[in-house]
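Data first, discussion second: the structure below is written as structure tokens.
Quick note: the coordinates plus some simple rules give every number you see, no bench work behind them. All values derive from a computational prediction rather than experimental measurement. All Cβ positions, even for glycine, are placed from backbone atoms using ideal geometry, and neighbour counts span all protein chains on display.
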Amino acid sequence: MKTVLFGLLACTTALAASTREGNTPAPARPAYLQATYLPLASQPSVKELTAMGRTLFFDASLSASGKQSCASCHSPAHAFGPPNNLDVQLGGKHLRTQGTRATPSLRYLQTSPPFSEHYHDDDGDDSIDAGPTGGRTWDGRADSTHDQARMPLLSAHEMGNATPAAVVKKLQKAPYAAQFRQLFGAAIFEQPEQAFSAALMALEVFQENPEDFYPYTSKYDAFLRGQTTLSAQESRGLALFNAADKGNCASCHISAITPNGGFPQFTDYGLIAIGVPRNRRLAVNRHAAYADKGLCGPDRTDLRDHPEYCGRFKTPTLRNVALRQTFFHNGVFHSLQQVMEFYVQRDTHPEKWYPRQRDGSIRKFDDLPASMQGNVNLEAPFDRQPGDQPALSAAEIRDVIVFMNTLTDGYVRPTLKSPAAQP
């Protein structure tokens, strides 16, 4: 089934690209439609699958509570990220079960590569090993939108379904059940596993829709196209964002057009440990022995014997970051101001971010076991010591935040008013 779905992605992406360019050639019969549970006469189009996926995405009845849809946590008005300032979202049968990680945005994931422990960039230099890279979710354990879409449906602290069959039973009762049968075959509900995969397929196609999930309509995109200019403050912020001896943000949140001409995603898709403070507001963290170690557990289990990966989390895109109210994997911060201050003061003023121990010392990197704290990144701006000046001043932080506001989709160029007619 996975091979079939990868064929779907290629078909969907290619068709979406050709449609945006104004070309709509009749595509060859997609490989995914050869699946045995689809009748040969059935050939749902990308448009039909997108519409079905959109319906599923907004259907709260697919949850155990009957009140939570995918869109409840991935709000279109917030770039398909969380619509509120909760550290983590609530879910489960009664919508009272607290999650363990903050909800990421679903936008601009279309070029994320599958997870690899040893990723080599496509810049021609295969000798450079970028380390763990790619995948979806905070720990990269989902290699595709299809894999990712199943997780919230079956998570006890999200939509709360116990099994795929439970989801299919809800689909059978949905107002659009007849349309689902029309798309995937009259007998689709008689085969629950295939019906569940069909639903994931529709969600996947919807989340590959460029108008919704990768529109490239920010002011920065318009600037890259030569359609507008950045203000003086925005330009200063961009320079500070890029400068290796200042913010050094672009070392992970790439801001330049790619060698093949693609617009930047503002992430390198890497997984990095930066020592985010423990969020003591999370119920799971009330247990002193609990530690969210990212790549090596507890949610991800295949790399739990790799202590060198502990504390690493996915570098998220910064596109639409100004719409967020919750930051980092554990939702510990709630403003870009806090995030930027943490980045440049983590090592110069650790007492501001970490607890003081009984002996008066500061317990840095308090959300990781001591044996794993050596994994935390020490590159700029994390290359300083207590007493040093932070890499960015308060004014420079303001400039960087103003620049990051240019990454919000939906920018509309101001129209020039014509001079008033002379009497």
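Brief remarks follow.
- Rounded, prolate or oblate (a/c below 1.5 giving rounded, otherwise prolate when a/b exceeds b/c) for the range 301-423 by Cα gyration tensor: prolate
- At least 18 Å along the helix axis (C-alpha) and Kyte average at least 1.0, DSSP helices within the chain: 2-20
- Global geometry of the range 138-183, whether rounded, prolate or oblate, following the gyration tensor of its Cα atoms and the 1.5 cut on a/c: oblate
- When only alpha carbons are used to place a centre, the range 137-200 and the range 58-109 end up 16 Å from one another.
- Listing Trp353, Trp138 from fewest to most neighbouring C-beta atoms within 10 Å gives Trp353, Trp138.
- Pair-distance distribution of the range 339-409: all C-alpha pairs, bin width 5 Å, starting at 0; shares per bin in whole percent are 3, 15, 20, 22, 17, 11, 7, 3, 1, 0.
- Span from the the range 258-293 Cα centroid across to the the range 374-413 one, whole angstrom: 16 Å
- Neighbour-count order for Lys47, Lys314, fewest beta carbons within 10 angstrom listed first: Lys47, Lys314
- Gyration tensor (alpha-carbon) shape descriptor, the range 253-332, a/c threshold 1.5: oblate
- Residues Ile401, Ile257, Ile188 in ascending order of nearby Cβ atoms (within 10 Å, fewest first): Ile257, Ile401, Ile188.
- For the range 226-231, the Karplus equation 6.51 cos²θ - 1.76 cosθ + 1.60, evaluated at θ = phi - 60°, returns couplings of x, 9, 7, 10, 8, 5 Hz by residue, with Gly and Pro reported as x.
- About its Cα centre, the chain has a charge dipole of approximately 1700 debye under the convention of +1 per Lys or Arg Cβ and -1 per Asp or Glu Cβ, with nothing else charged.
- Summed over all non-identical Cα pairs, the Kirkwood treatment of the chain gives a radius of 23.3 Å.
- Choice from Thr55, Thr258, Thr217 with maximal GNM fluctuation in the chain (Cα, 10 Å cutoff): Thr258
- DSSP-defined antiparallel bridges as percent of all bridges, the chain, nearest 5: 90 percent
- For the chain: relative contact order, % (alpha-carbon pairs under 8 angstrom, 6 or more apart): 17 percent
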